[in-house]
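FYI, it's all coordinate maths here, none of it is from the lab. Owing to the predicted nature of the structure, the values given are computational and were not obtained by experimental measurement. Cβ coordinates were reconstructed from backbone atoms using ideal geometry, including for glycine residues, and neighbour counts include every protein chain displayed.
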Amino acid sequence: MNDIQISTGNESTGATQNGSAQTALRGLPSIERMLAHPDLQRVREALPLSIVTDAVRKAVEEARASILAGGEDLPSSESIAAAASAAAWQAIMPSLRPVINATGVIIHTNLGRAPLSTAAVDAIREAAGYSNLEYDLVAGGRGSRYTHAIRILRQVVGCEDALVVNNNAAALVLVLSALCSGREAILSRSQSVEIGGGFRIPEIMKTSGAHLVEVGTTNRTYAHDYANAVTEKSALVMRVHSSNFRIVGFTASATVQEMAEVAHSHGLLFVDDIGSGALLDTSRYGIQAEPRPQESLAAGADLVMFSGDKLLGGPQCGIIVGKSDIVARLKKHPLTRALRVDKFTLAALEATLLHYLKNEAEREVPVWRMLSAQPDEMQRKVQQWASTLSEAGIQAEVVPGQSTIGGGSLPGETLPTYLLSINQGEAEAGRSADKLRAQSTPVIARVDRGSLLLDPRTVLPAQEQALLDALKSALQN
Ligand SMILES: *Cc1c(COP(=O)(O)O)cnc(C)c1O
């Protein structure tokens, strides 16, 4: 180990400090002295010296910075040791960690979208060893990973064949590259959209070598608009679900059936990107109906594409279902290899799809359990939380509120819920939210008009105790 002296920083800055800050700075312990501190012996035994040294250097520098910034007193060596110890343990944590989603946004893109069912998590664990990923157990020889999930998809959505790729964006790129490169895809002007994260339909088209032909107007597109745009270069009629926005008022669009008819009567294919892959009827929960793959296929779509981790409630992937001769063309395309899914995804996807096959999705798939949770159930839960916290001296209220679907699905739709509300005033509530995110299992809450708000709808049952512990730790004194 070399270089264990900390930088003394800019001397002229130091010279402008008052005398007590100067004294405090001079009293800061050296890195070497800190490393010998009894409170750091446990972490020194457990972790490599380089990690502990870095953590100590960071803690001493922070102490120095806070003295310079606020003219604060010299922190005790115990408090520097505690900061260093925390930083050292932090350094051996992965950066990707579980969090508690108390935002009430069910498919929270920033928090990993759909949480998986218990069966899907178990399936991932089991797939971690050897599996028949590409092995034919009957023939005793080489098989294909693309055989998995197909049987269940056939039963659940009624497709002839299916192909699972890395995500729905990849599915779109593959479909356009394999079926429309150098040809034209006809799309309503209202569907030439940006999905999020810079993912724009016209750019995806360009990347895939397809030529976008926009038809109709922003608010109105009719079946004959598609028909009039057909040329000898046309390959596809396409629909892209306007997942994350809504056009209201004087609007019109062709039905899926009409689009399929126009396509087929001109010898073209009709492909439907429905986005979120709702397999159940969302209108049963008092919200708008999301397009479902089984409906699209029944209406004549040749291919339907959707995400695995939005309303389907499974792992991140892109699912392409449809006619077997067309899926066969996709499988032969070189991009398929580049976009292929791993064994964990396939394992979790099959387990998730089985919940639908067994008619138990509403109970077993977290996304649907959250969607179908009733307000009185939420109210009871928050009341319990409030009384537990009250025993710990933390005052919280139970207030009505709204949960949202998120994940670019069902914009503007909300589900009535009850929230745990802790009113602290603007600045303090913000600080509390920061502290909640700094807990060992970080809690993501909302802050609104000086109140910290937590929605039980999106808190996984197994995380409730951790949530209450985090609240007590963050909010007590
Ligand atoms: C979300 C979405 C996509 C992108 O799907 P990913 O799985 O996130 O790649 C594509 N099309 C539509 C209509 C979507 O809603």
**Complete:** Per the Cα gyration tensor, the range 225-282 corresponds to an equivalent ellipsoid with semi-axes, largest first in Å, of 24, 15, 10
**Complete:** From DSSP H assignment alone, runs of 4+ in the chain each adding -39500 (n - 2.57), the sum over residues rounded to the nearest 500 puts [θ] at 222 nm at -12500 deg cm²/dmol
**Fill in**
In terms of the alpha carbon gyration tensor, root eigenvalues a ≥ b ≥ c, rounded if a/c is under 1.5 and otherwise prolate when a/b exceeds b/c or oblate, the range 39-133 is oblate
**Request:** Take peptides 307-315, 320-328 and line them up by average Cβ neighbours within 10 Å, highest first, as a rough protection proxy.
**Result:** 307-315, 320-328
**Request:** Please arrange F270, F199, F245, F250 by counting, for each residue, the other beta carbons lying within 10 Å of its beta carbon, fewest first.
**Result:** F250, F245, F199, F270
**Fill in**
Computed curve, the range 283-374, Cα-only Debye sum without solvent term, log₁₀ I(q)/I(0) at 0.12, 0.20, 0.24 Å⁻¹, is -0.46, -1.13, -1.37
**Fill in**
Percent of all Cα-Cα pairs per 20 Å bin for the chain, counting from 0 up to the last occupied bin, reads 20, 41, 29, 10, 0
**Prompt:** Which order do peptides 175-188, 138-151 fall in by mean Cβ count within 10 Å, highest first?
**Reply:** 175-188, 138-151
**Asked** Got a sec? How would M205, M259 order by Cβ neighbour count within 10 Å, fewest to most?
**Response** M205, M259
**Complete:** Counting only DSSP beta bridges fully inside the chain, the antiparallel percentage to nearest 5 is 55
